[in-house]
1. Do any residues in region 51-79 that are in contact (Cβ under 8 Å) with a residue 24 or more places away in the chain and assigned by TED's automatic domain parsing to the domain that holds LYS107 have Cβ atoms under 7 Å from those of residues that are surrounded by fewer than 23 Cβ atoms within 10 Å (Cβ to Cβ) and of a type in the set (Asp, Glu), where the two are at least six apart or on different chains, and which pairs are they?
2. So, in region 32-79, of the ones that are among the β-branched types (Val, Ile, Thr) and buried (at least 22 other Cβ atoms within 10 Å of the Cβ), which residue ends up modelled with the highest pLDDT?
3. Are any residues in region 126-168 acidic (Asp, Glu) and touching a residue at least 24 places away in the same chain (Cβ under 8 Å), and if so, which ones?
4. So which residues in region 111-123 are closer than 24 Å to ILE83 by Cα and in a helix (DSSP H, G or I), if there are any at all?
5. Confirm whether GLY101 is surrounded by 15 or more Cβ atoms within 10 Å (Cβ to Cβ), within 13 Å of the chain's Cα centre (by Cα), of a type in the set (Gly, Ala, Ser) and under 20 Å from ASP53 (Cβ atoms).
Amino acid sequence: MTGRILYVNNKFNTMVDRRAFIKRCFALYGSLLLMPACKNEIGRQQYRCFSIDESECLGAICEQFIPTDDYWGAKEAGVVNFIDKLLYQRFPELKPDYKNGISALEKYSMETHRKTFANLSWEQQYVVLQQMERSELPETYWKDIPQRKFFDMVLRNTMQGYYGPPRHGGNKDYVSYHMMRLDYPLLIGQNRYE
């Protein structure tokens, strides 16, 4: 064969140059890769278990637990992605607890401060989470899940996502490993601790 291949069209068969065929395949493949980016809103990530508003609320909570300083905080490190993946793949039974807790927090925030939790000032978020940890928020909002249980669950999963291996969806670019001056990726038996 002389570098030409048979190209099947709906109406008739034609001979097409192999290079032209490969170029068409790459163009099709490239456009398929771009399709998901076209569907999502720019700058916002899609989650399987959380809406955009829920993910923003959860991100604000996680960022309060591990704030950005010289290193990325929980939000930038992908902890919300880790929690979403955790609920979708491993523990779907926790999804209602997360949804109910976020909903309760948002209702309290809107009725008390007239803003979503993510839009409260840093100091206001801190105070609300302190009250939640001590179970001091009004119980009328927390009928579906105890506020302390929600607080502990998010704190635990935030720590797991931030300090765990990046392959689980958090700890983006090994940020916590950099912070702790660990080798990355970890070489089992080769780390030197001072």
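The values are calculated or read from the model by the stated rules, or taken from the named source; none is laboratory data. Because the structure is predicted, anything quoted here is derived from the model rather than measured. Glycine also receives a Cβ, built like all others from the backbone with ideal geometry; neighbour counts cover every protein chain displayed.
1. That search, which allows pairs on different chains as well, returns CYS57/GLU106; ALA74/GLU63.
2. Top of the filtered list is ILE61.
3. ASP144
4. Matches in region 111-123: PHE117, ALA118, ASN119, TRP122.
5. Spelling it out, it is not the case that GLY101 is surrounded by 15 or more Cβ atoms within 10 Å (Cβ to Cβ), within 13 Å of the chain's Cα centre (by Cα), of a type in the set (Gly, Ala, Ser) and under 20 Å from ASP53 (Cβ atoms).
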